[in-house]
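Read the structure below first, then the notes.
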Amino acid sequence: MSLSGKIGSQPLHGLVAATHTPFDATGELNLKVIERQAEHLQGSAIGTVFIGGSTGESQSLTLDERLRLARRWSEVLRGSGLRLVVHVGANCLRDAAALAEQAESLEADAISALAPSYFKPRTLDVLIDSMATIAAAAPATPFYYYDIPQLTGINHSVPDFLERAGGRIPNLAGVKFSGPDLMAYQQALQVQSRQFDVPFGMDECLLAALVLGARGAVGSSYNFAAPIYQRLWLAFASGDLPAARTEQWRSVQLIGKLASFGYMGAAKAVMEMLGVPVGAPRLPNASLDKARQNELGSQLEQLGFFDWIQS
Amino acid sequence: MIAVSIPSEYSRPQGKRSCRRLLSVTGREYLQQVYRDGLLEDTLRFWFPRAIDFEQGGYLHCFDRVGNLFETDKSIWVQGRMSWLLLKLYNEVAPRPEWLEWGLHGLRFLERHGFDSDGRMYFHVARDGQPIRKRRYAYSESFAAIAFAAAARATGREEYAARARELLRFFLRWNFEPGGMPPKYTSVRPLLGLGPRMIALVTAQELRSQLGPSLELEQVIDRCLAEIRDLFVRPELEVVLEAVCPDGSVSDHLEGRTLNPGHAIEAAWFIMEEGRHRQDWELVQLGCRMLDWMWRRGWDEEFGGLFYFRDLFDKPPQEYWHDMKFWWPHNEAIIATLLAWKLTGEQRYASWHQQVHDWSYRHFADPEYGEWFGYLHRDGRLSTPAKGNLWKSCFHHPRMQLWCWKLLSGRVSLQQITIRCVVTHFASPDCQLGGEATAEADSQQSRPICPIRSR
């Protein structure tokens, strides 16, 4: 399909897995695992992958590594039925633009970018200018601003961003909303100037977002716990809120457990347990030693996690 | 899951009479990839979520070549068909929440705006659901029935199942009971149509597949099979008629002589499928004969493709668009020839499959913007660039892709049928039971491409 046909036709609906970036034992990029990751996600009925985001440790990758990562994903996904969203955000907007340009040449279904956060955009207009610079490098690819204030420290209003950025960024498709402010989330869904897509990014309160009108969700736990969320969504769509709440509570317990071990290292260890050898995270994210991994495994077992993820 | 590397010889058209592609493992892998990737990466991407009307509900479907909306009115057939397709994919391909949401989205519009106060359904409504047209016939009800059935299976909600059954019962009463549908003609020349019988058949089959078997559904299927066989299938003329006198005799007038090869071929595969389901070799043979006759009457030897209408006695056809090439007869013929080949192993079906597949993909496909065009002139030139209108939507083409993908991935159980075929046809020179027929049993074990929901 031509690129021009993609604008407006590719919102991030359903469950979108924010994938881990695979490393080998020495911490080098281990691209051959991507095939296994894709196979695992396809087997979990995931429709779209979001690569090189926060879960993908993009801020711990070199530009060259990010380019190689995107190229490999695009090769692996060809013919798989999975859609590809490439995260391109970086502190250096030139790097971000280079990644955006590559993503467009790889025919990615969409791109997304975090705000630069070492030097922070002080006003909403500066944030919009920064995002416009990146989006312009991939003018035929839908662009999503990626808002995650708890990591970037940037707290500009998402609904205001959507109201004002639409005119500045022609390929703006929406925002990946990973903040906890559900009032702002609902306001973002109600922006009237154009129809925007606002996938929700906090797996542990997906049900709340669905109630407010979410149509898509991007998250890391969809890598290893998709069946929980598929049952949650089905129960919600069927009008069975108690069942949906049961599944959300499982998600909350799971995420709480992983966080207590250090989320990134624990989440990657869970992928290993499921036969997807993504390796340990890079510093500054801590990894779990063998004993901690075993401890995590047995606590997850106790929790019922391995039964929860049977589809 | 990773794209199979296929030698280019299998992706090139291989000449009109070739059947090589289906007879080799590589060729079948190539075709499976064409159907699966076509469904997941081309057809679904063209339609969704573009077609979802988030503002006023239901599906918008009148799209031009690029995917721009050129008309906001909505067909009620389309709402049911697209809802069914999405929920069917949710039930049988993968439990993706977006397919569930989008499928239920169309169903809600149908519930709200599809029905008139007398319980009958409209045919065509405005974007906001205000009724524009209600037809004499009741196909809206049949397509809504399969959507409700698929929704019942997806959500487990009994009220959807009950609605599906009610709609089928209504369709049957309306079509087949006195006092139902007003006749198309005066009492001077009453005619019975193939359409209501084949649609009742496939609707009952689909309800069985989504809701589970029941005596009522089997009786509907039995009755449709008997009436199609006894009234519309005419071995002495080697034809499947589209409309007959109530006693089954030929009405030798314009309407009675009008043949619709694509329609008859569609009915043929419904019957073959019933033969496969019941492991009834006679039904398979009936479907195959219907395909044989209507292929020979419908295929355009000069330009390729299937004619839209033919005249029973080769007189000038009634309809002046008779020689156009519409997309859906080709979708149906691609399924029918593949299913016939899978069930019988007869080589001509492999040839025909390749012939209609290659012609269709060469002329209907739009690699640049995705999906298929719907309407071509006789020589294959484009007539109208619409990808969707009140008739064409996301239905025949993805249904073909889904069926053919499933057929080629060996998810259709054929072992007993294949054995019957050997017994019945061992002497037939046309019967090529080679690698494929014997490979069936093995391929049952192969891992499905996408997980199938177990319920």
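Nothing in this text is a laboratory measurement; each read-out follows from the coordinates by a stated rule. This is a predicted model, so every value here is computed, not measured. Note: ideal-geometry Cβ built from the backbone for every residue, glycine included; neighbour counts use all protein chains shown.
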Take the cross-link list A:K32/B:K88; B:K74/B:K325; A:K120/A:K257 and give me the ones stretching past 28 Å between alpha-carbons. A:K32/B:K88; A:K120/A:K257
Gap separating the Cα centres of the range B:258-331 and the range A:136-160, nearest whole Å: 54 Å
Hey, could you pull the Cα Rg and Dmax for the protein assembly as shown, both in Å? 27.4, 89
Can you give the Kirkwood hydrodynamic radius for chain B, in Å, rounded to one decimal and based on Cα pairs? 22.5 Å
At B:E368 and A:E28, where each label point lies 7 Å from the Cα along Cα→Cβ, what is the point-to-point distance in nanometres? 4.6 nm
On a C-alpha basis, how far is the centre of the range B:49-95 from the centre of the range A:53-81 in Å? Whole number, if you could? 32 Å
Excluding exposed DSSP-loop chymotrypsin sites (Phe, Trp or Tyr not before Pro) (at most 15 other C-beta within 10 Å), longest clean stretch of chain A: A:120-311
Hey, got a sec? Which chymotrypsin sites (Phe, Trp or Tyr not before Pro) in the range B:158-230 land in a DSSP loop and have at most 15 other Cβ atoms within 10 Å? B:Y185
Under 16 Å from the Cα of B:K342 - lysines, other chains or at least 8 residues apart: B:K406
Between A:N91 and A:V252, what is the spin-label point distance in nm, taking each point 7 Å from the Cα along the Cα→C-beta axis? 3.6 nm
Calculated FRET efficiency, B:D252 and B:R296, Cβ-Cβ r, R0 22 Å, to nearest 0.05? 0.55
Sparsely packed chymotrypsin sites (Phe, Trp or Tyr not before Pro) within the range B:45-139, loop by DSSP, other Cβ within 10 Å at most 15: B:F54
Would you compute, from DSSP H runs of 4+ residues alone, the mean residue ellipticity of the protein assembly as shown at 222 nm, taking -39500 (n - 2.57) per run and dividing by the full residue count, rounded to the nearest 500? -15000 deg cm²/dmol
What are the ³J(HN,Hα) couplings of the range A:93-107, residue after residue, when phi is run through the Karplus curve with 6.51, -1.76, 1.60 and θ = phi - 60°? Round to Hz, x for glycine and proline. 5, 5, 4, 4, 5, 5, 5, 5, 4, 4, 4, 5, 5, 7, 6
For the range A:18-74, with equal point scatterers placed on the C-alpha atoms only and solvent neglected, what are the log10 I(q)/I(0) values from the Debye formula at q = 0.22 1/Å, to two decimals? -0.84
Where in the range B:271-322 are there chymotrypsin sites (Phe, Trp or Tyr not before Pro) that are in a DSSP coil and have at most 14 other Cβ atoms within 10 angstrom of their Cβ? B:F313, B:Y320, B:W321
Using θ = phi - 60° and the Karplus curve 6.51 cos²θ - 1.76 cosθ + 1.60, what whole-Hz ³J(HN,Hα) does each residue of the range B:206-213 get, with Gly and Pro shown as x? 6, 5, 4, 5, 8, 9, x, x
What Kirkwood hydrodynamic radius, in Å, does the range A:3-226 give when the mean of 1/r is taken over all pairs of distinct Cα atoms and then inverted? 17.2 Å
Consider all pairwise Cα distances in the range A:1-136 and report the whole-number % of them above 27 Å. 19 percent
Quick check of the Kirkwood formula: for the range A:141-272, what is the inverse mean of 1/r over all pairs of different Cα atoms, in Å? 15.7 Å
